[in-house]
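The values are calculated or read from the model by the stated rules, or taken from the named source; none is laboratory data. This structure is a prediction, so every number in the text was calculated from the model and none was measured. In case anyone asks, the SASA skips ligands and DNA or RNA and just uses the protein heavy atoms, side chains included. Shrake-Rupley method; radii C 1.70, N 1.55, O 1.52, S 1.80 Å.
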Amino acid sequence: STLSCNNYPELALSALAEQCADNNVPRPKLIWAYDGDLAGKGFIRKFSARARDAGWVCGAAQPRAGGAKKRDWNDLWIAERLSADDLVEYLYLGELLIAATPAAKSALMYSKHGWQSFSFDHDNRLYWFKLDLEAVQLNQRGLKSLINIEDLPPAHVTSVEQHLDLIGYVGQLT
């Protein structure tokens, strides 16, 4: 725990990376879980990017906004809102926060909710996602016609967000 969102734990992470290397074990995944205020969200984005650049696998956790009253992690502990189900939700909200692209964020939202169209924000911009079911069917037919997908070069293997770019539409609303 860093206890504060103001200081990046560079020395602690360097020591941990060294210990992992010395013991021939993989580095753990870092979960950035600061409070849900502007400072906390900003430092989660900043520190997760910095840690990724240093070779760490990162995730995030965010408490759900509690309306007019700000709820931090201590408030959630007191309210007994840190169950396994609650933590799954907070990790999902954290992943939405640090999604690198609008397509990545829409892929997370589609995977969780299955909505065929929805609006969302990313990097202070508003976007619209719409799943094109006709394109899905055409894409599936095209994939089935491939004889041996294992023989495809790595550049042709697509991620979830690239796949959604083929079958859906993510556009910035102006």
Length gained when the stretch Ala21-Ser83 is fully extended (0.36 nm per residue, less Cα-Cα span): 19.0 nm
Solvent-accessible surface ranking, highest first, for Leu108, Leu93 at 1.4 angstrom: Leu108, Leu93
Proximal lysines to Lys130, defined as alpha-carbon separation beneath 21 angstrom and excluding residues fewer than eight positions away on the same chain: Lys105, Lys112
